[in-house]
């Protein structure tokens with residue numbers, strides 16, 4: 001299998017004290033179990049070459065692997081250069097990890113040229129773009145996933161099982177509190193931060209998760225944005241977005257619940273984790289409180305200060321033989337895609353078999369449409385936006 005990674009930022013290689021990243025480490029770990037002939041990472045900046053080389057060497061050594069990884073800085077005409085790179089080098093799959101507003105273009109190119117794709121969230125900002133990608137995917141008979149790794153978190157899978165057993169009874173409401181350090185908009189994503197917002201970039205995780213664990217569909221949404229800190233720092237964007245979404249059980253207008261999202265990215269640098277995240281589910285029979293930041297592991301170090309550790313997302317830990325391996329639900333999301341593609345390439349599965357059991361493009365219509373409705377509400381004085389066209 002030949003893998004093209006489009007993008008070389010934080011989630012690929014790790015930056016800004018975020019460790020080794022997730023995508024590259026996952027590819028190297030997975031190469032011990034899935035045949036990967038080579039990985040090529042492409043982006044615009046030549047400075048990434050040294051980072052990719054050093055990180056690849058380090059990870060291959062730590063994980064006892066030997067995955068060939070190279071970096072190519074594509075010229076200014078990135079679109080044409082990307083098309084040429086794919087056409088001339090016979091890739092099987094692409095992992096797309098670029099700013100939100102570039103997802104549609106790069107995913108379209110990869111699908112058009114016959115590559116199975118994994119796209120980091122959000123898939124795209126509009127339902128029209130999502131449906132266009134799905135049409136192209138079906139025409140080309142390809143597999144496509146969105147990297148919604150929260151679907152692979154054991155905590156969320158337990159909640160999904162609990163709800164499916166009707167342990168909470170009729171759902172009444174879900175509250176989501178999710179925020180990140182101010183360094184995300186002011187440093188890490190500074191070059192493109194004004195082309196997204198915190199709900200679109202981050203809140204979309206929990207939109208997909210609510211759909212995944214409940215099976216309900218959104219019917220309308222509204223949102224209010226708060227501003228202040230970022231604008232004082234010269235960034236034209238919301239500090240936080242607060243959204244209400246009404247969900248309805250398919251084919252049952254009498255069974256619905258409401259979700260509230262408080263999503264921000266102005267937490268102090270000194271907070272103990274990159275993300276502070278928790279959600280609450282309340283039903284007629286009871287409630288579930290889930291803290292997805294504090295997994296019970298907290299440290300204080302004289303160099304770093306206090307830290308709250310989540311060892312279950314993507315982490316290098318000793319295996320049963322005492323050797324380091326890279327694992328966690330972030331890894332399993334990427335591994336799942338790689339195994340799917342391997343099964344397709346080897347004739348064990350077809351792309352269609354994964355449509356309803358993966359965070360596919362079609363399943364991502366739901367989160368995409370909610371993002372679009374929230375953006376519509378923000379642009380229209382927080383008016384309600386009706387959602388009735390997801391699967392039309």
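The values are calculated or read from the model by the stated rules, or taken from the named source; none is laboratory data. The structure presented is a predicted model; accordingly, all values stated were derived computationally and were not measured. Cβ: placed from backbone, ideal geometry, glycine included. Neighbour counts: every protein chain shown.
Quick look at the numbers
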read-out: Filter result for residue 341 (assigned by TED's automatic domain parsing to the domain that holds residue 126, assigned to a helix (DSSP H, G or I) and closer than 22 Å to residue 147 by Cβ); value: yes
read-out: Which numbered condition residue 21 fails, given (1) assigned to a loop (DSSP other than H, G, I, E, B); (2) touching a residue at least 40 places away in the same chain (Cβ under 8 Å); (3) out of contact with any strand residue (DSSP E or B) (no Cβ under 6 Å at 6 or more places or on another chain); value: (2)
read-out: Test: residue 236 is over 20 Å from residue 177 (Cβ atoms) and in contact with a helix residue (DSSP H, G or I) (Cβ under 6 Å, 6 or more places away or on another chain); value: yes
read-out: Elements of type strands (runs of 3 or more DSSP E) in region 118-228, at least 1 residues being in contact with a helix residue (DSSP H, G or I) (Cβ under 6 Å, 6 or more places away or on another chain) and farther than 26 Å from residue 282 by Cβ; value: 144-146
read-out: Set 65, 8: member being outside any helix (DSSP H, G or I) and within 25 Å of residue 275 (Cβ to Cβ); value: 8
read-out: Test result for residue 367, over 19 Å from the mean Cα position of the chain (by Cα), modelled with pLDDT of 95 or more, surrounded by 20 or more Cβ atoms within 10 Å (Cβ to Cβ) and assigned to a helix (DSSP H, G or I); value: no
